[in-house]
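Read the structure below first, then the notes.
The values are calculated or read from the model by the stated rules, or taken from the named source; none is laboratory data. Predicted, not measured: the structure shown is a model, and the values here were computed from it. FYI the Cβ positions are ideal-geometry reconstructions off the backbone, even for glycines, and counts take in every protein chain you see. Each accessible area value is taken on the protein alone, full model and side chains, heavy atoms only, with ligands, DNA and RNA left out. Shrake-Rupley method; radii C 1.70, N 1.55, O 1.52, S 1.80 Å.
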Amino acid sequence: MRLYNTLTKRFEELKLGKTVKMYVCGITAYDYSHIGHARTFVFFDVLRRYLEYKGHNVIYVQNFTDVDDKIVRRAVEEGKTQGEISRIFISEFLRDMSKLNVRRPNYMPKVTDHIRDIINYVERLIELGYAYEVEDEHGCDVYFHVPSFEGYGKLSGMSLDELNRHRIEPNPKKRDVKDFALWKSAKDEDFKANAVFDSPWGYGRPGWHIECSVLSSKYLGVPFEIHGGGRDLIFPHHENERAQSFAIFGVEPVKYWIHCDFVTIGGEKMSKSLGNIVRIRDFPDGEVLRYFLLTAFYRSPLDYSESSIERARRSYNYLRNTLLNLDMEISALRTFGIDRDGVGFDALRHLRDFELAMDSMNTPNALSIFHSLARDVNRNLYVMSLSELEECFRIFTTFSSILGLFEGYERIPTLPKDILELVKEREVARMEKDFERADRIREKLKERGIILIDTPKGTRWMTKHF
RNA sequence: GUCUCGGUGGCCGAGAGGCAAGGUACCCGGCUGCAACCCGGAGCACGGCGGUUCGAGUCCGCCCCGAGACUCCA
């Protein structure tokens with residue numbers, strides 16, 4: 001595969017063994033997830049599916065940040081605890097992901113279940129001379145000292161000079177403006193939200209960034225192959241995470257840093273702070289949303305609008321209708337017990353093209369190949385042999401399972417004799433232009449869950465409206 | 001200001017130096033008892049200026065425009 005590595009700033013041929021370890025930063029559980037989150041997790045879900053399709057054993061870890069400033073703030077506002085707030089939004093997130101056909105990662109660790117690991121890690125950073133303690137009213141803060149780590153800035157492409165500029169007033173107790181918190185001593189609101197943990201530095205809670213270093217190394221070891229997330233995480237989150245992990249383990253912790261671009265709306269980034277979000281839970285059809293998210297290359301922004309969604313819906317419907325047409329034809333040939341000579345249909349050609357597109361995770365291109373297959377299928381629907389139709393069906397479902405579409409599809413059965421008799425009876429009625437009788441039979445079969453469709457080549461059927 | 005990523009048809013959006021995918025919209029036609037699909041045709045594009053090359057949307061340089069990061073973010 002060939003993907004853009006943020007660390008080296010170029011497209012690289014991925015050198016992967018049988019096992020591929022992948023970590024993707026999960027959500028901070030303080031609000032409902034929106035379409036921007038959906039994009040990132042759908043993308044990495046497709047990457048995972050494709051790697052598995054190529055025969056890799058993927059170990060996929062995605063954390064939940066369930067203790068953090070924003071969670072505490074919301075908890076205090078609503079008179080709840082940090083645990084209550086994060087529990088709500090973690091379960092909402094899981095619901096959203098299953099609506100989008102995103103498969104569960106192998107591990108989804110929560111920060112609060114790993115406080116001990118985090119403390120050990122912070123202690124180790126202090127011992128190694130990368131971190132220092134600063135007294136505060138309820139205990140100590142611990143900061144990572146950025147100048148002690150030589151390669152800082154490499155991931156985000158920023159020089160130390162640039163990083164010395166700052167927009168907000170830094171805490172004067174820090175030794176350097178770039179230093180960031182590993183451990184934050186408890187404030188009044190933290191006690192109120194029950195978001196405090198005992199530590200060698202008194203009551204407090206982990207800083208943002210440290211959890212990902214700890215959880216990735218704990219579940220995957222170091223180094224691991226793929227680290228992903230949205231583009232907005234490159235700085236400071238991933239820069240800091242890399243610094244922490246490199247400091248502890250003494251090696252480049254991640255081989256390939258992969259980042260997704262944003263979902264925009266009216267050309268602007270969709271984000272909670274701008275208040276222009278569309279929640280996943282408010283979107284009516286998960287698969288259409290998933291399809292939409294795959295229509296742009298992962299490194300380009302994707303603009304959300306009513307009309308772009310509408311276009312995605314139509315494209316999606318075309319593929320879905322083709323799947324039905326294909327399956328209806330297979331079921332009809334089987335039921336009638338007939339076959340045809342075939343046309344020498346080359347479905348494998350589409351598969352090769354599809355893999356070529358997917359090797360660079362070019363999902364819009366992959367969708368375009370998918371559409372060519374569909375067009376070819378529709379053109380040749382009534383001339384392909386049964387084995388050709390089945391070959392197409394197999395490739396069609398290979399595409400859809402890699403992309404995670406049409407997951408609930410149920411195959412159309414061959415008809416039992418008594419129903420087939422009714423279908424034949426109706427054909428006779430239609431031939432005699434007795435449409436009243438034909439419609440009666442159609443209605444009768446509909447009550448038994450069979451929907452009849454008339455084609456130029458005879459009557460076909462399906463079992464449910466999609 | 002520094003850094004990163006972009007700029008391709010009416011719109012969305014691929015493009016791996018060698019005939020510019022695919023989708024949608026509009027128009028025309030076919031299929032059709034009804035219904036649901038589907039098929040064919042036509043039209044339509046590489047931000048600008050240089051350079052490298054037999055050949056550049058693709059590589060290099062400069063410029064213009066847009067988005068983002070530098071502050072919580074997927």
Probe 1.4 Å, protein heavy atoms only - accessible area per residue of chain A in square angstrom: 45
Local electrostatic count, A:G79, Cβ distance below 14 Å [Lys/Arg +1, Asp/Glu -1]: 0
Packing-based order for A:357-367, A:208-218, using average beta carbon neighbours within 10 Å, highest first: A:208-218, A:357-367
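Of all DSSP beta bridges located in chain A, what percent are antiparallel, nearest 5? Walk me through the numbers on the way to the answer.
Values: 26 of 47 bridges.
Around 55 percent antiparallel, to the nearest 5.
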Crossing angle, helix A:82-99 versus chain A [Cα axis fit, 0-90 degrees, rounded to tens]: 30
Lysines whose Cα lies under 27 Å from that of A:K9, excluding same-chain neighbours fewer than 8 positions away: A:K18, A:K21, A:K54, A:K154, A:K178, A:K255, A:K269
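If you stretched the chain out fully between A:R394 and A:K444, how much longer would it get, using 0.36 nm times the residue separation minus the C-alpha to C-alpha distance? Each step should come with its number before you reach the end.
Numbers: separation 50, 0.36 × 50 = 18.00 nm, distance 3.24 nm.
Extra length available between A:R394 and A:K444 comes to 14.8 nm.
What percent does the relative contact order of the range A:105-235 come to when contacts are Cα pairs within less than 8 Å and at least six residues apart? Can you show the working numbers first?
Details: 142 pairs, mean separation 33.5, N = 131.
Normalised by residue count, the contact order of the range A:105-235 is 26 percent.
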Candidate lysines - alpha carbon under 20 Å from A:K184, same-chain residues fewer than 8 apart omitted: A:K70, A:K110, A:K173, A:K174, A:K192
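I'm checking a number: the convex hull volume of the Cα atoms of the range A:270-390, normalised per residue, in Å³. What is it? Don't skip to the end; give the middle numbers.
Details: hull volume 13.7 nm³, N = 121.
Hull volume normalised by residue count: 113 Å³.
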Eligible lysines near A:K417 by straight Cα distance, threshold 19 Å, same-chain separation 8 or greater: A:K444, A:K446
Cα-based Rg / Dmax (Å) for chain A: 27.5, 94
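Place the peptides A:283-296, A:105-118 in order of packing, highest mean first, counting for every residue the other Cβ atoms within 10 Å and averaging per peptide. Don't jump to the answer; show the numbers that get you there.
On the way: A:283-296: 20.2, A:105-118: 18.3.
Ranking the peptides A:283-296, A:105-118 by packing returns A:283-296, A:105-118.
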Descending semi-axes in Å of the range A:311-466, equivalent ellipsoid built from Cα gyration tensor: 32, 17, 13
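Run the helix sum for chain A: -39,500 (n - 2.57) per DSSP H stretch of 4+ residues, divided by residue count, reported at 222 nm to the nearest 500 deg cm²/dmol.
The per-residue figure over chain A is -14500 deg cm²/dmol.
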Contour excess over end-to-end distance, with Cα ends at A:D454 and A:K9 and 0.36 nm allotted per residue: 154.7 nm
For chain A, with +1 on Lys and Arg beta carbons and -1 on Asp and Glu, the positive-most of A:F44, A:W461, A:L128 along the dipole: A:W461
Nitroxide proxy distance, nm - points 7 Å out along Cα→Cβ at A:D113 and A:V134: 3.3
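Express the carbon and sulfur contribution to the solvent-accessible surface of chain A as a percent, rounded to the nearest whole number, probe 1.4 angstrom.
Values: 9920 of 20880 Å².
Heavy-atom surface of chain A belonging to carbon and sulfur, 1.4 Å probe: 48 percent.
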Length gained when the stretch A:D282-A:L94 is fully extended (0.36 nm per residue, less Cα-Cα span): 66.2 nm
Rough spin-label spacing in nm, given labels placed 7 Å along Cα→Cβ, for A:F191 and A:V177: 3.4
Distance (nanometres) between label positions extended 7 Å along Cα→Cβ at A:N164 and A:S308: 4.0
Average Cα contact separation per residue, chain A, under 8 Å, 6 or more apart, as relative contact order %: 16
Packing-based order for A:382-388, A:417-423, A:243-249, A:121-127, using average beta carbon neighbours within 10 Å, highest first: A:243-249, A:121-127, A:382-388, A:417-423
